Structures are given as structure tokens and as C-alpha cells.
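Only one structure is covered here, and it is reproduced in the block below.
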């Protein structure tokens with residue numbers, strides 16, 4: 001199960017623990033790391049995995065590491081492709097995993113609206129929208145031809161609001177980054193960033209901000225906000241009228257960029 | 001707040017369907033501002049994939065999420081003319097309601113009827129008729145009522161009625177979310193309030209039913225799954241189907257603590273009072289047992305480019321059970337436009353038909369009419385692993401209930417023991433003239449000389465007797481191999497080492513025979529002779545006839561041969577003679 005410590009990850013882990021209770025979920029957690037995640041997320045990731053008593057595999061693409069790929073010098077596209085897309089493929093191949101669970105939802109992005117719950121990936125982990133299987137009722141086809149694997153998205157039919165309702169209802173611990181606080185920020189390439197470390201020597205201003213979704217900190221757009229509770233976060237989300245991934249800078253570099261990334265093997 | 005409503009829209013782009021969907025989403029504030037940028041009109045909201053935008057086509061079902069203060073909705077948008085049946089069946093399978101869209105200037109069309117009939121077949125019982133483009137008919141009440149009555153007549157024939165009929169103009173939003181000032185004769189409801197008031201899928205009237213998803217072993221054994229119907233409490237007596245064993249529920253376990261009761265829709269783990277044999281695929285049932293059978297009649301929607309091959313073995317998945325199954329020749333298929341019953345030998349992509357299905361072992365189910373979850377199934381191709389069809393069970397066939405496997409005292413193991421050998425099936429496959437019979441004959445002679453009890457089933461010989469009634473079409477080839485496989489299995493049960501020499505051109509049928517016999521006892525031997533070489537030898541003169549057009553469906557000429565992907569033994573006849581090949585095979589056998 002893909003696990004980053006973000007809010008959707010936390011919901012996924014909690015659902016998995018419920019499903020197999022009192023036994024532990026019979027699979028490991030996998031984090032495809034880029035070295036640029038928020039420090040708070042690393043701490044939360046390790047803490048939640050330990051609490052669940054599950055193995056946590058952390059994979060960092062050795063090629064990206066050796067070449068020192070980062071979002072500032074190499075741009076969002078190359079950074080994401082090497083660290084995340086390639087890193088994910090490497091980790092799945094290395095573990096010879098035939099199924100990987102992810103927390104993606106159909107309401108996030110247009111090409112995801114047609115994604116299956118059980119999504120078949122061809123040998124090489126690519127996504128071919130024309131080869132996806134029809135899904136009727138709650139019957140999911142988990143059979144695989146040689147070399148194929150599955151990405152499974154149990155939260156497909158959830159909305160961002162459902163995620164928050166679940167977090168509130170189950171009193172899940174999520175990152176404080178989702179709630180407004182005074183944080184060091186910087187405007188970089190037109191995006192408002194929360195500066196999580198001093199690797200990029202950016203001019204820093206303190207602002208009251210929060211994030212709606214978390215990725216690598218240089219690629220996560222923050223919003224100025226006063227919302228400090230889940231109710232306030234949800235109310236702000238309804239007022240804002242933008243989609244959740246609007247803050248994800250990696251989605252914007254090309255039209256249909258999510259679909260392209262998925263075809264290459266991204267989640 | 002009322003429970004979530006899942007619905008789908010039936011109608012084509014010409015009826016203004018995309019515009020209506022865009023309007024619904026927009027009026028509910030579900031269209032994010034960053035998504036509206038660059039969109040020429042509402043209808044583009046649903047076309048999600050780049051491939052679709054580039055080619056101006058729609059290839060799939062899109063799911064859209066929106067809500068009002070009173071209710072949340074999931075809309076399945078099933079666009080496209082080409083793949084319409086497949087997409088619509090998929091969208092309808094989980095929908096509680098269908099919005100049928102009609103263009104007021106055109107009225108109820110053939111397509112309207114077909115879409116409504118498919119929705120009804122998939123179990124939708126609530127319909128809302130939206131008469132769109134009222135502006136084109138001057139917002140006239142008479143025209144609206146004509147269409148309403150026309151639809152009601154047709155709906156009555158199929159056996160349903162529209163819960164509401166609403167005059168709308170999707171482009172301007174009349175009667176979509178707001179009452180129209182241009183049709184004062186109409187008293188309501190608006191489309192949105194009709195959706196807010198609609199019922200969610202009625203709870204099944206069946207008693208307790210739960211398909212076991214997994215067995216959790218943590219201290220004791222717990223049977224985990226989602227309650228599909230009814231309710232269960234500790235102390236209840238339940239039946240484990242298909243075996244029919246009885247047990248008592250001891251605990252209902254969840255991470256939030258034990259429950260006093262679990263109802264339909266809840267995922268729980270049940271602890272039982274006694275140790276019993278129960279595993280994934282079994283169905284737990286209260287009060288009355290579910291139906292158990294290995295033959296039943298079903299409606300089938302074919303969803304693959306490759307048509308149905310009656311007699312071919314597919315995997316059937318129903319609930320959490322997955323079993324090998326064959327579909328018999330369809331009784332009929334439904335005509336595309338009129339939905340009348342037509343004679344059919346097969347089902348092609350997007351065709352709907354009715355056929356009997358045989359499963360390799362009995363399964364537990366309920367008729368689709370009583371439960372979508374326990375009566376709907378999918379068929380999976382064993383080689384490509386693709387989902388090729390969806391089906392809905394009508395009823396079990398009586399003969400299935402009356403044939404029971406007879407337990408015998410002398411078992412296959414005892415028979416084989418007397419012969420001091422382990423039965424095997426040596427399956428020779430390859431083109432006509434490849435040398436299968438020649439090599440198989442030599443192998444049998446060598447085994448016989450070693451004192452082994454053998455039998456060689458030769459393709460030509462079997463076609464002179466048991467399979468005299470079969471020809472060479474794809475369907476007949478499938479049946480030819482099915483019978484040969486069953487005959488070989490009987491001989492293995494008798495304790496023999498069986499050799500077969502059949503072209504057996506399809507992977508699926510070789511895989512089917514492999515699944516008939518114990519694991520490791522099926523040895524696939526690929527007699528690999530290139531087509532040009534087999535044709536040059538042409539020992540029986542058949543290639544010459546085929547090339548001259550005197551022999552149809554000849555493998556390698558006008559009928560395909562699917563090479564084994566991982567044969568247990570491969571014989572390259574261009575590299576060795578039959579004697580060497582036979583020695584190689586015997587040396588590789590553990591007999």
C-alpha cells in the first residue's frame with residue numbers, strides 16, 4: 001500500500017487496519033521518497049507505520065539521487081518523472097508486487113474520473129485507457145495476464161469532503177500543515193510555497209497559510225487561510241470553488257499532464 | 001440527509017445530455033473554477049481523456065460527484081454511440097435511478113426505448129423522464145403530454161412507470177434546479193428536487209447473506225465480508241453454502257469493538273461457535289439457504305471484441321466465488337433496435353442474449369431479481385484476463401439439482417496404485433502434419449515396453465467415433481477438445497498414462513484441459529514444425545486441398561494456431577528425428 005503520511009494515506013491505512021482487524025494487514029507500506037517532502041510528513045509517516053505494526057519500505061530512486069535531481073535546478077517535470085514515476089516503477093518491480101493500493105480519487109482530476117477501481121497496468125507499469133476492464137456492481141476482476149499488475153484505488157468514489165468527514169468521524173491524526181498557522185513562506189515562480197528547509201535560499205516572509213494537499217514542499221501551493229478546524233477547512237473548500245489539485249504544481253506543466261503521467265506509470 | 005443517490009443519464013449528445021449534465025453540476029456549484037477555464041461549453045466537462053478530446057470520441061464511463069444541502073449524488077455518464085451498451089450496462093449496474101432524456105422536437109425514439117430497456121434489464125426500477133429542448137416546441141404543454149403518454153405506453157410494456165416526467169430546457173436551466181417561468185402550466189418537481197426525493201436502492205428482502213471475502217486467523221478463525229442482505233446477531237443459526245454445513249454465530253468483530261448486530265452494507269468479521277470448514281467464496285446465510293447449482297439460465301451482455309465461443313471455458317466471478325464456467329449456445333439475442341428475440345449462435349461485442357451456463361462446481365447465488373450483489377456475475381477470459389461479459393442469473397436449471405456426484409469406493413489413487421504408476425496426460429499439440437501422431441506413437445511404444453499402462457487418443461481416430469458429429473469451426477474445435485479432455489481425464493481416473501495427439505490450436509482449451517487434471521500431471525508437448533515445413537511434407541495432402549479452397553477452417557491456412565507460451569516440452573522437428581524426439585520426451589518424464 002502506497003503510503004506518504006498525507007490525509008488520503010491516513011484514511012487508507014485506517015481502512016486497511018479495520019478490514020483485517022484483529023490481524024494486521026497482510027502487506028507492507030511503501031513510500032516513494034523524493035527527499036523533498038515536508039519534515040512533518042516524514043515524522044508522521046514513521047509514527048503511523050510503527051503504530052500499525054506494519055513494515056514500511058522507503059524507496060529513493062538511486063539514479064535521481066546520484067544526479068542530484070531537484071525541483072529548483074531541474075524543474076517540476078523532470079523531478080516528478082525521475083523521483084516519483086520512475087521511483088515507483090523501480091520499487092514495484094523490486095518487490096515484484098502484483099497489486100499496489102493507492103489513495104487516488106476520481107473527483108481529483110478529469111482523467112481520473114474514468115479510472116477504474118482495479119486499474120490494469122501493462123508490463124512496464126503503463127496505463128492504457130483503452131485496455132481497462134468494465135467494472136460492474138462491486139465485482140472486481142483481479143486476474144492478471146503475464147507481466148501485468150494492478151493499481152487498486154479503494155477511495156475512487158470518495159470526494160475531498162468524504163475524506164475530511166472520515167478524518168473527523170474517526171478522529172484520525174493528520175498533519176498540522178492542513179490547518180492554518182504562521183509559517184515561513186516564499187513566492188517562487190508565481191506559487192506560494194511553505195519553505196520547509198534552507199536548501200533553496202529563498203527570501204522568506206511569514207504568512208498565515210495552510211495546504212489542501214501535500215507533495216514535495218517546493219511543488220505544493222499553499223493558501224492564505226484562517227481555517228484551524230476541520231469544519232472551517234471544509235467550509236473554506238466549498239467557498240473556494242477550485243479543485244483540490246489546483247495547488248499541485250506538477251499537474252500544470254502540460255495539458256492532459258495527469259493522463260500522460262499515468263500512461264508512463266504514475267499513480 | 002437522505003442517503004447517497006447513484007443515477008445515470010440515458011440519451012445521446014443530440015438530446016442535449018452533456019448540456020444537461022453540465023447544467024446540473026454548475027447549478028449545484030460542483031464545477032470548480034479552475035476546471036471551467038478554457039471550456040467552450042458545459043458538454044466538454046465530461047470528456048476527460050486526451051485521447052477522447054483529440055479524436056472527438058468518448059470511450060468510457062465517467063463518474064461525476066456533486067451534491068445539494070439535502071443529498072449527495074454520483075452520476076454515471078455513459079456517452080458514445082459505439083460502445084453504448086457496454087458502457088450503459090456498466091453505469092446502470094450500480095445506479096438507483098435512470099434519467100431518460102428525450103428531445104421534445106423528436107419525441108420518444110428507438111434509441112430511447114433501447115436505453116430504457118437496458119437500464120431495466122440491469123435492475124433499475126426508478127425512471128425520471130426529462131423532456132428537453134422545450135424551447136424548440138414553444139414550451140407547449142400538449143407536446144409535452146404527448147411524449148409523456150407515449151413513453152408511459154412503452155414503459156408499461158416493459159413493466160415500469162416513470163416516477164416523474166419533467167419538461168426542461170437544459171441550455172437555460174428551466175426546471176433543472178429552478179422552476180421555469182416559461183412553463184407556468186407545469187407544477188413541478190424540478191429535475192433536481194425529483195433526484196433529491198428519489199429512493200435509494202431498496203434494501204433486499206432476503207434474509208441474512210454474506211459472501212466470505214477472507215478468513216482472518218488471529219487466535220480463532222474469523223470470517224470477514226460485507227453483509228449483502230438482512231442482518232445477523234450473536235446466537236443466530238447460519239448455513240454455510242454451498243456445503244450446507246450449519247453453525248452458530250458467536251461474535252461480530254470490528255476494530256471499534258464487538259457488535260450486537262450487523263446489517264446490510266456493514267463490513268464485519270464473524271466468529272462462529274464451532275470449528276467448521278469455511279473459506280473465501282462461501283456464502284453465510286440465515287433462515288433460508290441461498291440457491292446452490294452448477295447450471296443456470298442468465299442474461300449476458302457481451303463486452304469483448306472477441307465474440308462468445310460457446311463451450312469455451314471462462315472464469316465466472318459472482319460475489320467472492322471464482323469458478324471455471326462454460327456458456328452454452330445462446331437461446332436468443334435481443335435485436336439492437338426493437339429488442340425482439342433473434343436466433344443466435346454466438347454473442348458479439350455489445351450484444352445481449354440469454355443462455356445456459358454450466359459451472360465446474362456448484363455455486364451459491366440468488367436470482368438477480370432478488371439481489372444484484374448475489375445474482376450478477378462477470379466472465380473473465382482465462383488467457384488475456386480481460387472481463388469479457390457481465391451476466392444476470394434468472395434461475396437454476398432443474399437437472400442441475402437432480403444430478404449428484406456418486407461417491408465411489410475404489411478411487412483413482414487406488415486404481416493407479418494397483419498399476420504401480422502415476423497417471424499423466426501427455427498432450428501433444430502442433431500444426432497438422434507436424435509429427436504429433438508419429439512421435440506420440442513412438443513414446444507410447446517405449447512406455448509400453450517399460451511395463452507402463454498407457455492409452456493414445458489420436459485426434460483423427462476420435463473424430464471417426466466420439467466426435468463424428470463435429471466439424472472444424474472455432475466452436476466445434478472447442479467442443480472437440482472439451483470431449484477429448486474429459487475422455488482423457490476418465491482414463492487417468494482409471495489409472496492410465498494417457499497420450500493425446502490433437503492440433504488443439506487454442507490456448508484457452510489447452511488451459512482448460514490442464515485445469516481438469518491434478519496439478520503437474522498435464523504435460524504440454526509442443527511439436528514445433530514451421531508452417532512451411534509442415535506444408536512441404538503434407539503427408540495427408542490436406543494443405544494442398546486447403547490452399548485450393550476445398551477445405552475451410554484449416555489450421556495455419558485460414559484458421560489460427562496459438563503457440564504455447566510455456567510448453568513443458570518443446571520438440572523442434574527441424575532439429576531432431578521422431579526417434580530422438582521420443583527418447584527426449586521419455587527421458588523427461590518421471591514415469
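None of the figures in this text is laboratory data; all of them are computed from the coordinates on show. Source: prediction; values computed, not measured. Here the Cβ is made from the backbone with ideal geometry for all residues, glycine too, and neighbour counts use every protein chain on show.
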What's the exposure ranking of B:575, A:1, B:179, going from fewest to most Cβ atoms within 10 Å?
-> B:575, B:179, A:1
Using a Gaussian network model of chain A with C-alpha springs under 10 Å, which one of A:66, A:181, A:100 is most mobile by mean-square fluctuation?
-> A:66
Zone reached by a paramagnetic label modelled 7 Å from residue A:47 Cα along Cα→Cβ, restricted to segment A:1-35 with backbone N below 14 Å, covers A:5-7, A:10
Sort B:68-74, B:452-458 for me by packing, meaning the mean count of neighbouring Cβ atoms within 10 Å per residue, highest on top.
-> B:452-458, B:68-74
Radius of gyration, Dmax [segment A:175-251; alpha carbons; angstrom] | 12.0, 35
Given 37 °C and 0.692 mPa s, how large is the Stokes-Einstein diffusion coefficient of segment B:209-286 in µm²/s, with Rh as the Kirkwood radius over Cα pairs?
-> 273 µm²/s
Quick one: P(r) of segment B:448-490 from all Cα-Cα pairs, 10 Å bins, percents rounded to integers, in order of increasing distance.
-> 26, 48, 18, 8
D_trans [Stokes-Einstein, Kirkwood Rh over alpha-carbon pairs] for chain B, 37 °C, 0.692 mPa s, µm² s⁻¹ | 117 µm²/s
Along each of the three principal axes of the Cα atoms of chain A, give the extent in whole Å, ordering the values from largest to smallest.
-> 54, 44, 36
Find the eigenvalues of the gyration tensor of the Cα atoms of segment A:7-159, then list the square roots of 5 times those eigenvalues as equivalent ellipsoid semi-axes, largest first, in whole angstrom.
-> 25, 21, 16
Computed lengthening from residue B:106 to residue B:141, 0.36 nm per intervening residue step minus Cα-Cα distance = 11.1 nm
Using the Kirkwood radius over Cα pairs, work out the Stokes-Einstein diffusion coefficient for segment B:412-588 at 10 °C and 1.306 mPa s, in µm²/s as a whole number.
-> 96 µm²/s
Two-site FRET efficiency, residue B:536 against residue B:445, from Cβ-Cβ distance with R₀ of 30 Å, rounded to 0.05 | 0.65
Quick one: angle between helix B:17-27 and the longest Cα principal axis of chain B, in degrees between 0 and 90, rounded to 10, please.
-> 60 degrees
What area, in nm² and to one decimal, does the C-alpha convex hull of segment B:291-400 cast on average over all directions?
-> 6.5 nm²
Nearest 10, in degrees from 0 to 90: the angle of helix A:7-20 to the longest Cα principal axis of chain A is 40 degrees
Mean separation of Cα contacts under 8 Å (at least 6 apart) over the residue count of chain B, i.e. the relative contact order in percent, is 9 percent
Taking springs between alpha-carbon atoms closer than 10 angstrom, which of A:60, A:133, A:210 fluctuates most in the Gaussian network model of chain A?
-> A:133
Expressed as a whole number of Å, what is the distance separating the alpha-carbon centroids of segment B:304-331 and segment B:439-463?
-> 33 Å
Please compute the Cα-Cα pair-distance distribution of segment B:91-206 with 10 Å bins starting at 0, giving whole percents from short to long.
-> 14, 45, 32, 7, 1
Determine how many Å³ per residue the convex hull of the Cα atoms of segment B:147-228 encloses.
-> 179 Å³
Ranked B:437, B:184, criterion: other C-beta atoms within 10 Å, fewest first | B:184, B:437
Classify segment B:189-324 as rounded, prolate or oblate from the Cα gyration tensor: take a ≥ b ≥ c as the square roots of its eigenvalues, call it rounded if a/c is under 1.5, otherwise prolate when a/b beats b/c and oblate if not.
-> oblate
Check: C-alpha center segment B:220-248 vs C-alpha center segment A:146-177, spacing in Å is 30 Å
Inter-label distance for residue A:208 and residue B:182, nm, one decimal - labels placed 7 Å from Cα along Cα-to-Cβ | 4.7 nm
Which whole-angstrom value gives the distance between the alpha carbon centres of segment B:495-523 and segment A:72-86?
-> 50 Å
List the equivalent ellipsoid semi-axes of the protein assembly as shown in whole Å, largest first, each obtained as the square root of 5λ for an eigenvalue λ of the Cα gyration tensor.
-> 51, 36, 29
Using only Cα positions of segment B:248-312, each an equal point scatterer, no hydration layer, compute I(q)/I(0) via Debye at q = 0.25 Å⁻¹ and quote the log10 values to two decimals.
-> -1.31
Rank the residues B:278, B:28, B:169 as a footprinting-exposure proxy: fewest other Cβ atoms within 10 Å of their Cβ go first.
-> B:28, B:278, B:169
So for the pair residue A:57, residue A:240, with labels modelled 7 Å out along Cα→Cβ, what separation do we get in nm?
-> 3.3 nm
By how many degrees, 0 to 90 and rounded to 10, does the Cα axis of helix B:578-588 deviate from the longest principal axis of chain B?
-> 70 degrees
Give me the percent of DSSP beta bridges within the protein assembly as shown that run antiparallel, rounded to the nearest 5.
-> 65 percent
Can you pull the mean other chain C-beta count within 10 Å for peptide B:300-307?
-> 1
Quick one: if you stick a label point 7 Å off each Cα along the C-beta vector at residue B:415 and residue A:165, how many nm between them?
-> 6.1 nm
Given the convex hull over the Cα atoms of segment B:495-591, what projected area results after averaging over all orientations, in nm²?
-> 7.4 nm²
